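Worksheet for the structure shown next.
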Amino acid sequence: GLVPPNDEELVKAFLKDDRFLLMTSNAYNTLGVGTTQLYNDTIVYNHKRHGVFQLGKRSFRFVIKHHFPSKLYEEFLLIDLLNNIEQIAENRDRVLNFVKIKAQTMNQQYLREALLNYGGVRAKKTLKFLTEL
């Protein structure tokens, strides 16, 4: 039978653009900072659309962002978690403490660049020590 298109193909056709980043909040769980919830969401960072759209049989939350990487990487994910800390189900103070510890073990150059390129006010305040080096 016919195979349905994958998420990237759907989003690319919908946006008529290939500049987007597809992710899920479950990716935060890979950081080891105390997030364990499983989310049923697919987030699309892009330059054109904002809102929740049904594509095929799946729902996507499109978020307009001016700056995002072309591929997910650990340092960006940590910064993105800080930018979206209000949306997680876990104890935020506990997660923030783990984030500070995790940040010290990561590649400082990549983390500093991710913070400068993608960090919001909360991320910059939380990881202030990176910009003071």
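All of the numbers you see were taken from the coordinates with simple rules; none came from a lab. Only a predicted model underlies this, so the values are computations on that prediction, with no experimental measurement involved. With ideal geometry, Cβ positions are generated from the backbone for all residues, glycine too; neighbour counts draw on all protein chains shown.
Couple of notes before you dig in:
- Using a Gaussian network model of the chain in which every pair of alpha carbons under 10 angstrom is joined by a spring, one finds that among THR35, THR24, THR105 the greatest mean-square fluctuation is at THR105.
- Electrostatic dipole magnitude of the chain [Cβ: Lys, Arg +1; Asp, Glu -1; Cα centre; debye, to 20]: 300 debye
- For the chain, calculated [θ]222 nm from helices alone, where every DSSP H run of n ≥ 4 adds -39500 (n - 2.57): -11500 deg cm²/dmol
- Residue among GLY56, GLY120, GLY34 with the largest mean-square fluctuation in a Gaussian network model of the chain, springs linking Cα atoms under 10 Å: GLY56
- Of the chymotrypsin sites (Phe, Trp or Tyr not before Pro) found in segment 55-131, those in coil by DSSP whose Cβ has at most 12 other Cβ atoms within 10 Å are TYR73.
- Compactness check for segment 52-128: Cα Rg over 2.2 N^0.38 Å is 1.21.
- Pairs of Cα atoms nearer than 8 Å and 6+ residues apart set the relative contact order; for the chain it is 21 percent.
- Between segment 89-125 and segment 1-67, the Cα center-to-center distance that results, in Å: 22 Å
- In order along segment 34-46, the phi-based Karplus estimate (6.51 cos²θ - 1.76 cosθ + 1.60, θ = phi - 60°) of 3J(HN,Hα) comes to x, 8, 9, 5, 9, 10, 10, 9, 10, 9, 10, 7, 7 Hz; Gly and Pro are listed as x.
- Enclosing the Cα atoms of the chain in their convex hull gives a volume equal to 118 cubic angstrom per residue.
- Dipole orientation for segment 1-82: of the candidates LEU81, PRO4, TYR39, PRO4 has the Cα lying most toward the positive pole (charges on Cβ; Lys, Arg +1; Asp, Glu -1).
- The order of the peptides 14-23, 46-55 by mean Cβ neighbours within 10 Å, most packed first, is 14-23, 46-55.
- Taking ASN117, ASN91, ASN26 as the candidate residues, the one with maximal mean-square fluctuation in a Gaussian network model of the chain, Cα springs under 10 Å, is ASN91.
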